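Down below is the structure, laid out as structure tokens.
Every number in this text was worked out from the coordinates using simple rules, so none of it is lab data. Quick caveat: nothing in here was measured; it's all calculated off a predicted structure. All Cβ positions, glycine included, derive from the backbone under ideal geometry; neighbour counts span all protein chains shown.
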Amino acid sequence: MKPVLMIHEMQEEFLKLPLQDYILTFDDGLYSQYYFFDAIKKIKTKKIFFISTDIVAKESVKQSDSFPDCKRAHYKALHTSNLEDYLKWSQIREIDKDKDCYIGGHSHSHYRLTENFSRLNNDTKRMKETFIEKLDYSPNKFCYPYNQDSKLYERILYVHGFNDQYGDGRIDIYDL
């Protein structure tokens, strides 16, 4: 089994790395991942794009090619509702059509983990419902926001069908 590599904001220089030696995971649904998608899909390996279903740009949004890091993109999205740094559902569906690419969940809201059953369960339900509405299915792969897992969250996800879960066991691309 190949080691799993974690990528947030995609950068052109990453394409010079031996990415085919890893399972590639792309967190947060950032637009930079789609901007480089033609090159990404040529890499001969499994690729999983983890999407927070409430942080997706509307089709009418003009996306930014400034590619801020995920912290800046999150701040802008969560504090100003500006989603120009994120994928659109049409782009997510295009990625999903590639035979080596998979869509996974990354929560609905991308809030930091709490040990509140009701909040985690409701967020997971909303994520699953949104995937069914937008993709006609709910994925079985999930990546914990901020890589924060817990036994409670793990169980909730498993009950909702997310039985392939990823967290801090991945290698950060900046560590290569």
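Looking only at the range 148-176, how many residues end up being assigned to a strand (DSSP E or B), in contact with a Gly (Cβ under 9 Å, 6 or more places away or on another chain) and of a type in the set (D, E, K, R)?
Counting residues in the range 148-176 that are assigned to a strand (DSSP E or B), in contact with a Gly (Cβ under 9 Å, 6 or more places away or on another chain) and of a type in the set (D, E, K, R) gives 1.
Consider LYS16 against the criteria (1) over 13 Å from the mean Cα position of the chain (by Cα); (2) touching a residue at least 24 places away in the same chain (Cβ under 8 Å); (3) over 29 Å from ASN122 (Cβ atoms): it satisfies all of them except one. Which criterion is unmet?
(2)
So, ASN121, is that one surrounded by fewer than 20 Cβ atoms within 10 Å (Cβ to Cβ) and not in a loop (DSSP other than H, G, I, E, B) or not?
yes
With respect to the numbered conditions (1) touching a residue at least 40 places away in the same chain (Cβ under 8 Å); (2) in contact with a His (Cβ under 6 Å, 6 or more places away or on another chain), which one is the sole condition not fulfilled by PHE142?
It fails just one condition, (2).
Does the range 146-167 contain any residue that is within 15 Å of the chain's Cα centre (by Cα), of a type in the set (Asp, Glu) and over 21 Å from TYR34 (Cα atoms)? Steps first, answer last, please.
Taking the range 146-167 and keeping what is within 15 Å of the chain's Cα centre (by Cα), we get 146-148, 162, 164-167.
Still in the running and of a type in the set (Asp, Glu): 164.
Those still in the list that are over 21 Å from TYR34 (Cα atoms) too: 164.
Yes, the range 146-167 has at least one match.
Would you mind stating whether LEU30 is touching an Asp or Glu at 6+ places or on another chain (Cβ under 7 Å), under 24 Å from PRO139 (Cα atoms) and surrounded by 18 or more Cβ atoms within 10 Å (Cβ to Cβ)?
Yes; evaluated as a whole, the condition is true for this residue.
Give the residues of the range 129-143 that are touching a strand residue (DSSP E or B) at 6+ places or on another chain (Cβ under 7 Å) and in a loop (DSSP other than H, G, I, E, B), sorted by residue number.
PRO139, ASN140, listed by residue number.
Given the criterion farther than 23 Å from ILE7 by Cα, among the hydrophobic types (A, V, I, L, M, F, W, C), touching a helix residue (DSSP H, G or I) at 6+ places or on another chain (Cβ under 8 Å) and surrounded by 16 or more Cβ atoms within 10 Å (Cβ to Cβ), identify the matching residue among ILE156, ILE92, ILE173, ILE103.
After ruling out the rest, the residue left standing is ILE156.
Is it true that ARG126 is out of contact with any strand residue (DSSP E or B) (no Cβ under 9 Å at 6 or more places or on another chain), in a helix (DSSP H, G or I) and loosely packed, with under 15 Cβ neighbours inside 10 Å?
For ARG126, the condition - out of contact with any strand residue (DSSP E or B) (no Cβ under 9 Å at 6 or more places or on another chain), in a helix (DSSP H, G or I) and loosely packed, with under 15 Cβ neighbours inside 10 Å - is not met.
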